[in-house]
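Worksheet: one structure, shown below.
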There are 2 protein chains.
Amino acid sequence: MSQNGVGVDLDKSLGYLLKEASSALRAAMEEVLRPLGMSVTHYSCLELLAQRPGLSNSELARGAFVTRQTMNVLLHALERDGYVTRPAEAPVGKVLPTRLTPRGRRSLEKATVAVRSVEVRMLAGMTETEQSDAFRILRSMIHSLRDGNDGA
Amino acid sequence: MSQNGVGVDLDKSLGYLLKEASSALRAAMEEVLRPLGMSVTHYSCLELLAQRPGLSNSELARGAFVTRQTMNVLLHALERDGYVTRPAEAPVGKVLPTRLTPRGRRSLEKATVAVRSVEVRMLAGMTETEQSDAFRILRSMIHSLRDGNDGA
DNA sequence: TAATCTATGTCAGAATGCTGACATGAGTCA
DNA sequence: TGACTCATGTCAGCATTCTGACATAGATTA
């Protein structure tokens, strides 16, 4: 492992490590979701709707960490394939509350099993203390990064 | 914040939190790199070359968590714009060792300052202990996720 | 009430990254 | 030596996501 003192030493950069972990997580999730014909964003959307029925397109987008436009495309596909339903007209304002269909719920159930296996694997090598540390530390990182986004 | 007991509870999912942190980091880096006309992958490539001169296209791709093909496109652009150089013929095998030009090095210097500010911000809210915990825990997560990728 | 601001859904075009495929060079092993 | 395996660089086509833009609905404020 060669390295010199210049710049941000990648071996010691928390940002690089975070990116590496995220990349590994994404790969693991894609691997278990592929046999189900489902992408990570696809799964995220369904999971969000299961836990908070009636979310709008924009809310789903924020929850899945993509743009409104991207989520909009996905939602239309999911609606076309019968996984979700949206009212033809907005009950209030422009917001179209989205809900899972029975088919969407069934599809999600299989995916949830697959994804949970990844989550379990990730937690496996950690003690109880490390697990709660992980939550606290990740939350701290998110908070620090968000603060500077529009603050300073 | 509503939620029920079904499925993977996102509020308590380490995977979701990891994705959130990674998303925040990416946004923060894009924000500071945009004024320099540089993308995250672009910066990653230059930083890798600064620390390990002579890396091949494939090695750079693995280091930046993209495919060979993606890195290949980027390298050609960087070479065209005079940030890196690659020999016309492979000294050995097919591997074309890549190196930063003085221009590439100058460009990287500015980016490094910007990126370091993000890294500092991320570490700011954490104690010394938490910082070393963060490294250990992230490494543990990466290891666990990788193991299962082709193993079990 | 009227003006302004903010958030939403949506369309269009562009950028980015990926999968599939191919030829080639190097290492392995019979 | 020859067959096999593996990694590399590269081309082409496709998928996903993003940025920019617009009209509209609700909230805020003068």
- Residue within segment B:32-51 that is within 9 Å of another protein chain (Cβ to nearest Cβ) and open to solvent by 30 Å² or more (accessible area, probe 1.4 Å) present: no
- Answer yes or no: is there a residue in segment B:68-79 that is more than 13 Å from DNA strand C (Cβ to nearest atom) and either on the phi < 0 side of the Ramachandran plot or modelled with pLDDT of 95 or more (or both). yes
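Restricting attention to segment A:133-147, which residues are crowded, with 18+ Cβ neighbours inside 10 Å and either free of Cβ contacts under 8 Å to residues at least 60 places away in the same chain or not aliphatic (A, V, I, L, M) (or both)? If you could, list the steps in order and put the result at the bottom.
Going residue by residue through segment A:133-147, those that are crowded, with 18+ Cβ neighbours inside 10 Å are A:133-134, A:137-138, A:140-142, A:144-145.
Selection gives A:D133, A:A134, A:I137, A:L138, A:S140, A:I142, A:S144, A:L145.
I'd like to check something: does segment B:58-65 contain any residue that is within 11 Å of chain A (Cβ to nearest Cβ), part of a loop (DSSP other than H, G, I, E, B) and within 13 Å of DNA strand C (Cβ to nearest atom)?
yes
Just to verify a result, which residue in segment A:42-59, among those that are of a type in the set (S, T, N, Q) and within 14 Å of the chain's Cα centre (by Cα), is nearest to DNA strand D (Cβ to nearest atom)? Quick ask: steps written out before the conclusion?
Within segment A:42-59, the subset of a type in the set (S, T, N, Q) is A:44, A:51, A:56-58.
This time we only want the ones that are within 14 Å of the chain's Cα centre (by Cα), so: A:44, A:51.
Values: A:S44: 9, A:Q51: 20 Å.
Filtering segment A:42-59 for residues that are of a type in the set (S, T, N, Q) and within 14 Å of the chain's Cα centre (by Cα), the one nearest to DNA strand D (Cβ to nearest atom) comes out as A:S44.
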- B:K19 vs (1) touching a residue at least 12 places away in the same chain (Cβ under 8 Å); (2) more than 14 Å from DNA strand C (Cβ to nearest atom); (3) not hydrophobic (A, V, I, L, M, F, W, C): all pass except (1)
- Among (1) within 7 Å of chain A (Cβ to nearest Cβ); (2) without any contact (Cβ under 8 Å) to a residue 60 or more places away in the chain; (3) open to solvent by less than 20 Å² (accessible area, probe 1.4 Å), the one test that B:V84 misses: (1)
- Query: Out of all the residues in segment A:125-132, is one or more more than 9 Å from chain B (Cβ to nearest Cβ) and surrounded by 19 or more Cβ atoms within 10 Å (Cβ to Cβ)?
  - Reply: no
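Yes/no matrix, rows are residues, columns are (1) assigned to a helix (DSSP H, G or I); (2) more than 16 Å from DNA strand C (Cβ to nearest atom); (3) within 10 Å of chain A (Cβ to nearest Cβ):
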{"site": "B:P97", "(1), (2), (3)": "no, no, no"}
{"site": "B:R103", "(1), (2), (3)": "yes, yes, no"}
{"site": "B:R121", "(1), (2), (3)": "yes, yes, yes"}
{"site": "B:R136", "(1), (2), (3)": "yes, yes, yes"}
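Rundown of residues vs (1) among the acidic types (D, E); (2) in contact with a helix residue (DSSP H, G or I) (Cβ under 7 Å, 6 or more places away or on another chain), yes/no style:
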site	(1), (2)
A:R62	no, no
A:F65	no, yes
A:L75	no, yes
A:E89	yes, no
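Residue by residue, here is whether (1) touching a strand residue (DSSP E or B) at 6+ places or on another chain (Cβ under 7 Å); (2) over 26 Å from A:S13 (Cβ atoms); (3) within 12 Å of DNA strand D (Cβ to nearest atom) holds:
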residue	(1), (2), (3)
B:A61	no, no, yes
B:T67	no, no, yes
B:N72	no, no, yes
B:H76	no, yes, yes
B:D81	no, no, no
B:V92	no, yes, yes
B:L96	no, yes, yes
B:P102	no, no, no
- Note on the structure: The residue from B:A124, B:A152, B:A134 that alone is at pLDDT 95 or above and either among the hydrophobic types (A, V, I, L, M, F, W, C) or under 14 Å from A:L18 (Cβ atoms) (or both) is B:A134
- Query: In this structure, is A:E109 surrounded by fewer than 19 Cβ atoms within 10 Å (Cβ to Cβ) and farther than 29 Å from A:A21 by Cα?
  - Reply: no
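Go through segment A:66-78 and count every residue that is touching a residue at least 12 places away in the same chain (Cβ under 8 Å) and open to solvent by 40 Å² or more (accessible area, probe 1.4 Å). So that I can check it myself, show each step before the final result.
First, the residues of segment A:66-78 that are touching a residue at least 12 places away in the same chain (Cβ under 8 Å): A:66, A:70-72, A:74-75, A:78.
Now narrow it down to the ones that are open to solvent by 40 Å² or more (accessible area, probe 1.4 Å): A:66, A:70, A:72.
Of the residues in segment A:66-78, 3 are touching a residue at least 12 places away in the same chain (Cβ under 8 Å) and open to solvent by 40 Å² or more (accessible area, probe 1.4 Å).
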- Counting only residues that are over 15 Å from A:G54 (Cβ atoms), within 22 Å of the chain's Cα centre (by Cα) and among the β-branched types (V, I, T), how many does segment A:82-137 have? 6
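The values are calculated or read from the model by the stated rules, or taken from the named source; none is laboratory data. This structure is a prediction, so every number in the text was calculated from the model and none was measured. We place every Cβ from the backbone using ideal geometry, glycine too, and count neighbours over all the protein chains shown. Side chains are part of the model used for accessible areas, which takes the heavy atoms of the whole protein and leaves out ligands, DNA and RNA. Shrake-Rupley method; radii C 1.70, N 1.55, O 1.52, S 1.80 Å.
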